[in-house]
Amino acid sequence: MIKSIGQIIFDDLAKSGVFEKLTVSQCVYEVLKHVLGELSSHVKILGFRNGIIVVGTPNSVFKQELSFMEELIVNRVNEIMGDEIVKGIKFKEVF
C-alpha cells in the first residue's frame, strides 16, 4: 500500500503522542483561563509527560496559589477530555 507523505507524517505524529500533548495543553490552558481569568496570561504550559502537566508561573506566590487549585484543574481537564488523562500538575517558577 502506498501512503502519501502527509499520511506518513500524520501517522508518525500520532504514534509519538504529539497530538495528545497538544490537545491536553490546549485544554489545560482553557481551564486556567476560566479559573484565573486575566491572570492566565501569566502562566505557560511547559510540558506533559506520563500524566503530569508542567505549568510555568511567574513567582512563588503564584505557584502556591495555583497549587491550591490543582485538584480542581485536574478534575476539570479530565472531565473535558472524557478520560483520566491528567494525574497531576507540577508548578514551576520560570519567569
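Quick look at the values:
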{"item": "Considering residues of the stretch 37-65 that are of a type in the set (A, V, I, L, M, F, W, C) and closer than 16 Å to Ser25 by Cα only, the residue modelled with the lowest pLDDT", "result": "Phe48"}
{"item": "Filter result for Lys3 (exposed (fewer than 15 other Cβ atoms within 10 Å of the Cβ), part of a strand (DSSP E or B) and not aliphatic (A, V, I, L, M))", "result": "no"}
{"item": "Count - residues of the stretch 36-68 that are of a type in the set (A, V, I, L, M, F, W, C) and either in contact with a Cys (Cβ under 9 Å, 6 or more places away or on another chain) or in contact (Cβ under 8 Å) with a residue 40 or more places away in the chain (or both)", "result": "1"}
{"item": "Total residues in the stretch 21-64, condition surrounded by 14 or more Cβ atoms within 10 Å (Cβ to Cβ), among the charged types (D, E, K, R) and in a helix (DSSP H, G or I)", "result": "4"}
{"item": "Any hit, the stretch 62-75, residues being β-branched (Val, Ile, Thr) and closer than 22 Å to Ser16 by Cα", "result": "no"}
{"item": "Residues of the stretch 65-76 satisfying the condition of being hydrophobic (A, V, I, L, M, F, W, C) and part of a helix (DSSP H, G or I)", "result": "Leu66, Phe68, Leu72, Ile73, Val74"}
{"item": "Qualifying residue in the stretch 77-93 (condition: part of a strand (DSSP E or B) and of a type in the set (Asp, Glu))", "result": "yes"}
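The values are calculated or read from the model by the stated rules, or taken from the named source; none is laboratory data. Nothing here was measured: the structure is a model prediction, and the numbers come from that model. Methodologically, a virtual Cβ is constructed for each residue, glycine included, from the backbone with ideal geometry; neighbour enumeration extends over all protein chains shown.
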